[in-house]
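Structure first, then comments.
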Amino acid sequence: TIVHPILGSVGALDSYKYDFELLVESATKHPDWQFVFVGSPIVEYRIPALKKLTKLSNVHMIGSVPREHVPAYVSYFNICLIPYKNNEYNEASFPLKFWEFMATGKPIVASGVPELKEYEPLIAYAQTSEEFLEKIENILATGAQKDSARSELASHHGWDNRATELKKLLEQTIH
């Protein structure tokens, strides 16, 4: 059994996306926080920071689970994490897990993806490792929980709405 608080993320732990140094620092400074990672098999164990991360007692690598089970795991998270690196790849990306996390209404702490910054104050966006820890500490200290504004916003970004918008754009382009 993993005790609360549980800070979690979902998806492949790719070294070009995830900031393993940030996670090692966070998990080391706060051994009372439990870090849970659900997702694709990790193929890059040779990365020193990831190796170090996996050896920490408050870090739990769940690995692959059937897609339909992912929401059950996320339901246990106190805070959803998108702890990405500040790099060119993440500057040009927008993780779909963001909308999945938003749909839960749970607090989110993100870093490394400038596109997500515009969603403050619905989420906590950190520019530095100090801010990342601060944002988590603030959420835990205030007991912040689900916020219907997050799930409401996410409801406008489902695949049906995206398809409708894409169809409109295509029709405008063709005419």
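For labels at THR1 and LYS167 in the simple 7 Å Cα→Cβ model, what's the distance in nm?
If labels sit at THR1 and LYS167, their model points lie 4.9 nm apart.
Tally up the carbon and sulfur contribution to the accessible surface of region 1-88 as a whole percent, 1.4 Å probe, everything protein left in place.
In region 1-88, the share of accessible area belonging to carbon and sulfur is 55 percent.
Kindly report the accessible area of the chain per residue (heavy atoms of protein chains, probe 1.4 Å, no ligands, DNA or RNA), in Å².
Spelled out: the 1.4 Å probe surface of the chain, per residue, equals 56 Å².
Once you've got the Cα coordinates, tell me which of LYS29/LYS51; LYS17/LYS167; LYS17/LYS51; LYS17/LYS52; LYS17/LYS168 are over 25 Å apart.
From the list (LYS29/LYS51; LYS17/LYS167; LYS17/LYS51; LYS17/LYS52; LYS17/LYS168), the Cα-Cα distance tops 25 Å for LYS17/LYS167; LYS17/LYS168.
Where does helix 129-142 land angle-wise versus the long Cα axis of the chain, in degrees 0 to 90, nearest 10?
Here the helix axis deviates by roughly 90 degrees.
For helix 20-29, what angle does its Cα long axis make with the longest principal axis of the chain, in degrees from 0 to 90 and rounded to 10?
50 degrees
What percent antiparallel are the DSSP beta bridges of the chain, to the nearest 5?
Of those bridges, close to 5 percent are antiparallel.
With a ≥ b ≥ c the root eigenvalues of the C-alpha gyration tensor of region 78-120, is it rounded (a/c under 1.5), prolate (a/b larger than b/c) or oblate?
Taking the square roots of the gyration eigenvalues as a ≥ b ≥ c, region 78-120 is prolate.
How far is helix 159-174 tilted, in degrees, relative to the longest principal axis of the Cα atoms in the chain, given as a value from 0 to 90 rounded to the nearest 10?
Roughly 40 degrees, rounded to the nearest 10.
If you stretched the chain out fully between SER64 and TYR89, how much longer would it get, using 0.36 nm times the residue separation minus the C-alpha to C-alpha distance?
Between SER64 and TYR89, full extension yields 6.6 nm more.
Using packing as a proxy for protection, rank 62-75, 125-138 so that the peptide with the highest average count of other Cβ atoms within 10 Å comes first.
My ranking of the peptides, most packed first, is 125-138, 62-75.
The values are calculated or read from the model by the stated rules, or taken from the named source; none is laboratory data. Since the structure is predicted, the reported quantities are computational estimates derived from the model, not experimental observations. Because the Cβ atoms are built from the backbone with ideal geometry, glycine has one as well, and the counts that use them run over all protein chains shown. We work out accessible area using only protein heavy atoms, side chains counted, and drop any ligands, DNA or RNA first. Shrake-Rupley method; radii C 1.70, N 1.55, O 1.52, S 1.80 Å.
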